[in-house]
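S.K.: Okay, handing you the structure first.
The values are calculated or read from the model by the stated rules, or taken from the named source; none is laboratory data. Source: prediction; values computed, not measured. FYI the Cβ positions are ideal-geometry reconstructions off the backbone, even for glycines, and counts take in every protein chain you see.
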Ligand SMILES: O=C(O)c1cc(=O)[nH]c(=O)n1[C@@H]1O[C@H](COP(=O)(O)O)[C@@H](O)[C@H]1O
């Protein structure tokens, strides 16, 4: 999917919501556990109930890997279901990969070709030759961790190399990578006060912003400091949407949670 197609979807749906599919067998409704593939059945119901309110889905790969081969099958069925039924959805493999060049190329092949995701999250710690193999894939997007939502972000990301913080160095250096127009960045909603500085370095790039809802980040703050003329934001919520109910009405409850986020986004978009 091109960035322009993503921007069109945002305007059409009046939403820049991404629903996180962090699907955990201990948290999904008990009645689904008797299904042959409870994870897929849960995801399918959540997707069908929310797809008109969001522009993307982000399965976090850990939640699938945790169940071994069965989990990978559920992941594959989920991405195929999205691509077959809702091809306008922007799909994010939240895998946080990155390795020496030839290994990164295999990760890229796994998520961009074999599973056919539109994008993947990447840890930039290993530098240029670990990120550029992902950027070589035309029509795909590589989402680099810049300033994450967790407390540990202060261990390294906000520390200085010389007189520049590491997260700023990541933003500036990655702009020099080949095919850097295929980059997006992760900035946690809990770090909204850093967005002005971030936008000074990357004025146009799309940001994936997790951390609203369960982690306490504010949608309004993120939009105030992070929005661009093409919106430039994908705001993710996982637990705050998918686990609103553990009963038979779980999909409807997820829809209501997604609807209230979409309405808040629509209200913000109307003020532009
Ligand atoms: O890359 C991510 O998506 C990510 C980066 C970050 O800084 N913080 C963060 O929470 N995430 C992911 O975003 C999701 C947040 O989930 P909730 O807190 O349940 O909305 C999880 O899948 C996290 O792994």
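S.K.: When the residues of the range 208-225 are narrowed to those that are within 14 Å of the ligand (Cβ to nearest atom) and in a helix (DSSP H, G or I), which ends up nearest to residue 50 (Cα to Cα)?
M.R.: The selected residue is 213.
S.K.: With respect to residue 108, determine if the residue is over 20 Å from residue 236 (Cβ atoms), surrounded by 17 or more Cβ atoms within 10 Å (Cβ to Cβ) and under 17 Å from the mean Cα position of the chain (by Cα). Let's see the steps before the verdict.
M.R.: Values: over 20 Å from residue 236 (Cβ atoms): yes; surrounded by 17 or more Cβ atoms within 10 Å (Cβ to Cβ): yes; under 17 Å from the mean Cα position of the chain (by Cα): yes.
Taking the combined requirement at face value, the residue satisfies it.
S.K.: Further question: Within the range 42-59, how many residues are within 15 Å of the ligand (Cβ to nearest atom) and surrounded by fewer than 21 Cβ atoms within 10 Å (Cβ to Cβ)?
M.R.: 0
S.K.: Going through 29, 38 one at a time, which residue ends up being away from the ligand (no atom under 16 Å from the Cβ), in contact (Cβ under 8 Å) with a residue 60 or more places away in the chain and more than 19 Å from the chain's Cα centre (by Cα)?
M.R.: Answer to the check: 29.
S.K.: Next question. Residue by residue through the range 174-201, note down the ones that are assigned to a loop (DSSP other than H, G, I, E, B) and away from the ligand (no atom under 16 Å from the Cβ).
M.R.: The answer is 175, 176, 177, 178, 179.
S.K.: For the range 88-106, does any single residue satisfy the condition of being under 23 Å from residue 53 (Cα atoms), touching a helix residue (DSSP H, G or I) at 6+ places or on another chain (Cβ under 7 Å), within 16 Å of the ligand (Cβ to nearest atom) and part of a helix (DSSP H, G or I)?
M.R.: No, that holds for no residue.
S.K.: Just to check your reading of the model, which residue among 112, 137 is more than 16 Å from the ligand (Cβ to nearest atom) and not in a helix (DSSP H, G or I)? Please lay out each step first, then the result.
M.R.: Values: 112 fails: not in a helix (DSSP H, G or I).
After ruling out the rest, the residue left standing is 137.
S.K.: Looking only at the range 5-23, decide whether some residue is buried (at least 21 other Cβ atoms within 10 Å of the Cβ), touching a helix residue (DSSP H, G or I) at 6+ places or on another chain (Cβ under 9 Å) and in a helix (DSSP H, G or I).
M.R.: The answer is yes; a qualifying residue exists.
S.K.: Might you let me know whether the range 74-85 holds any residue that is at pLDDT 95 or above, farther than 29 Å from residue 4 by Cα and either within 14 Å of the ligand (Cβ to nearest atom) or not in a loop (DSSP other than H, G, I, E, B) (or both)?
M.R.: yes
S.K.: If you don't mind, another one. Could you look through the range 145-169, keep only residues that are within 10 Å of the ligand (Cβ to nearest atom) and part of a strand (DSSP E or B), and pick out the one that is surrounded by the most Cβ atoms within 10 Å (Cβ to Cβ)?
M.R.: That would be 146.
S.K.: For the range 226-251, which residues satisfy the criterion of being over 17 Å from residue 17 (Cα atoms) and part of a helix (DSSP H, G or I)?
M.R.: Matches in the range 226-251: 250 only.
S.K.: Next up: For the condition over 28 Å from residue 228 (Cα atoms), touching a helix residue (DSSP H, G or I) at 6+ places or on another chain (Cβ under 6 Å) and surrounded by 24 or more Cβ atoms within 10 Å (Cβ to Cβ), what is the one hit in 39, 28?
M.R.: 39
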